[in-house]
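Here, each number is a calculation from the coordinates, and none is a lab measurement. These figures come from a predicted structure and were not determined experimentally. Cβ coordinates were reconstructed from backbone atoms using ideal geometry, including for glycine residues, and neighbour counts include every protein chain displayed.
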Amino acid sequence: MVGPIAFGTILQPLNSSMIAVALVGIQAHFGAGSAAVWLVSGLYLATAVAAPAAGRLADALGPRRVSLAGLVLIALASLAAPFAPSVGVLVLCRVVIGIGTAAQYPCGVAMVRRAADSLRAQSQNALAMLAVCSQVMVALGPTLGGVLVGVLGWSGIFWVNVPLAVVGGIAILLWAPADPPREERVAGRVSGVGTVGALDLPGMLLFVGTMGLLMYWLLSLAGPVRWWALGGSAVLGLLTVLRSLRAPVPFLDLRLLADRELSFTYVRTVATYTAYYGIFYGLPQWLEESRGLHASVAGMVMLPLALTGICSTITATRLQKVRGPRPLLLIGAGMLTVGGVLLTLPTPDTPVWLLVLLCVVLGLPNGYNSMANQNLVYQAAPARQAGAASGIYRTSQYIGANLASAMLGLLVGTHATASGLHREGLGIAAICAVLTLCALVGLRKARRPQAA
C-alpha cells in the first residue's frame with residue numbers, strides 16, 4: 001500500500017531537481033537569458049501555495065481523489081511543455097506541474113494515516129519511507145536529468161513525467177486506500193468553513209504577490225533596480241500578515257511565529273535552503289557553460305553529492321538519537337561554510353576528479369541540516385498545531401529555493417563563469433558562517449540548564 005503512495009510523492013523532488021541540468025539547453029533554445037530563473041521560481045511558488053491547499057482539499061474531498069487530479073495535471077502539462085512556443089509558456093507549464101506535484105505529499109500522508117488507523121498499525125515507518133524517497137529523488141534528480149537531456153534534449157525532463165504519472169495513477173487506483181465517505185469528510189471540516197473557504201484564497205493570492213514582487217526586485221538588482229517592486233512586496237507582505245492573523249483558517253498560520261524557537265527555526269531553514277539550492281542549481285550550470293561538460297556528464301559529476309547526502313541523512317539520524325538536533329546544526333552549517341569556500345577554487349581547467357571530490361564534500365551538510373530543522377519544528381510546535389507548523393516549515397524551504405535562484409541571477413548572471421561561481425561561493429560561505437555562529441551560541445545555551 002505504501003509503495004504506490006511513495007511513488008507519487010517522488011514527482012515533486014524529481015521535477016525540482018532535474019531542471020538544474022536542463023537550464024542551459026532551455027536558455028539556448030529560447031534565448032531566454034535571466035528569464036529562465038522563473039522556471040525554478042515558478043515551480044517553487046506554485047508548490048508553496050498548492051501544498052497546504054492540497055492538504056485541505058484532501059480533507060474535504062478525499063486524498064486519493066485529489067492525488068489523482070494532481071497526477072492528471074502533471075501529465076497534461078508535461079505533454080504540452082516540449083511544444084511551448086516561448087519561455088513564458090514553459091514557465092506556465094512548470095507552474096501547473098508544481099501544483100500537481102505539490103498535491104502528492106500531503107495526500108500521501110493523509111492516505112497513510114487513514115490506512116494506519118483502519119489497520120490499527122503504526123505509521124512512523126511508512127512516513128519515514130515517504131521522507132527518504134523525497135530525499136533520494138532530490139539528490140538523484142540532476143543525474144537522471146543529465147541522462148534524459150543527453151538522450152532527448154531538454155524536453156526529456158518533461159517527457160519522463162508522463163509515464164510516471166500514468167503508472168502512479170494506476171497504482172493508486174489499484175492499491176491505495178479508498179477515500180472516506182462524504183459524511184466523515186464533512187464532519188471533519190472546521191465549523192462554519194466550507195471547502196472553498198478553508199483554502200483561504202485571499203491569503204494565497206497575497207502570498208504569491210508578495211513573493212513574486214520580491215523575486216522581481218531581487219532579479220532587477222543586476223540592472224535597473226525596480227524599487228516599486230520592493231515597495232509593492234512590502235505592502236502585500238503586511239496584508240498577508242494581517243490576513244493570517246484574522247482569517248479563521250489562514251493559508252499560513254503566522255500566529256505560530258510568536259513561539260521564538262519556531263520562528264528562529266523557520267528563518268534558519270530559509271537561509272539554509274538558500275545556500276543549499278545555490279549550490280544545487282549553480283554548480284551544474286557552471287559545469288556545462290564554463291567547464292564545457294555535456295549535461296549527462298555534469299549530472300554524473302553531481303552524483304556523489306546525492307550519494308553523500310543520503311549517507312549523511314542516515315548518520316545524522318543516528319547521531320540525533322544520542323545528542324539531539326542542535327549538534328547537527330553546528331555540523332551542517334560548518335560543513336556548508338567549508339563547501340562555500342571550496343566553490344571559490346574551481347577554474348575551467350580543474351580536473352573532473354577534483355570536481356567529483358568537491359561534490360562529495362558539498363553533499364555532506366544536507367542530511368544534518370534537514371534532520372535538525374525538521375526535528376526542532378516537531379519539538380517546538382504544539383501538538384494540535386503540528387500540521388500547520390509543518391506546512392510553514394515546507395513553505396520556508398520553498399522560499400529558500402526561490403531566494404537561491406534570485407541569488408544566482410544576481411551573483412552569477414546569465415552565463416556561469418568561474419568568477420560568478422566564486423562570487424556565489426563567497427555568498428554561500430557568508431550565509432553559512434552566520435548560521436554556524438548561531439548554532440554554536442544555541443548549543444551553548446542548550447547545555448547550560450543540563451549542566452545546572
Exercise. Compute the separation of the alpha-carbon centres of region 309-376 and region 396-432 and state it in Å as a whole number.
Key: 17 Å
Quiz prompt | Calculated log₁₀ intensity ratio I(q)/I(0) where the Debye formula runs over C-alpha points of region 255-452, q = 0.13, 0.14, 0.18 Å⁻¹ | solution = -0.70, -0.79, -1.19
Quiz item: Size of region 1-178 along its principal axes in angstrom, Cα-based, largest extent first?
Solution: 56, 29, 24
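Given an 8 Å cut-off on Cα distances and at least 6 residues of separation, report the relative contact order of the chain as a percent. Don't skip to the end; give the middle numbers.
On the way: 711 pairs, mean separation 97.0, N = 452.
21 percent.
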Quiz item: According to the Cα gyration tensor, what semi-axes, each the square root of 5 times an eigenvalue, does the equivalent ellipsoid of the chain have, listed from largest to smallest in whole Å?
Solution: 32, 27, 23
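Grab the other residues whose beta carbon is less than 14 angstrom from that of Ser16, score K and R as +1, D and E as -1, and report the net. All intermediate terms of the calculation are to be shown ahead of the outcome.
Working: positive: Arg94, Arg394; negative: none.
My count for the surroundings of Ser16 gives +2.
So how much slack lies between Met1 and Arg226, counting 0.36 nm per residue of separation and subtracting their Cα-Cα distance, in nm?
Working: separation 225, 0.36 × 225 = 81.00 nm, distance 5.08 nm.
Extra length available between Met1 and Arg226 comes to 75.9 nm.
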Practice problem: Quote to one decimal, in nm, the extra length available between Ala433 and Val72 on full extension: 0.36 nm per residue of separation minus the C-alpha distance between them. | Solution: 125.6 nm
Quiz item: When Lys and Arg each count +1 and Asp and Glu each count -1, what net charge do the other residues less than 14 Å away from Leu239, Cβ to Cβ, add up to?
Solution: +1
Exercise. Please report, in Å, the Rg and the Dmax of region 230-324, where both are computed over Cα atoms only.
Key: 19.9, 54
Exercise. Quick one: grab Rg to one decimal and Dmax as a whole number for region 29-73, Cα atoms only, in Å.
Key: 14.6, 44
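When a footprinting reagent is the concern and you count Cβ atoms within 10 Å, what order do Phe264, Phe207, Phe83 take, fewest first? Before the final figure, lay out each step's value.
On the way: Phe264 15, Phe207 24, Phe83 11.
Least to most surrounded, the residues fall as Phe83, Phe264, Phe207.
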Quiz item: Between Ala234 and Leu119, 0.36 nm times their residue separation minus their Cα-Cα distance comes to what?
Solution: 36.5 nm
Exercise. Starting from the Cα of Leu354, step 7 Å along the direction of its Cβ; do the same at Leu342; then give the gap between the two resulting points in nm.
Key: 1.3 nm
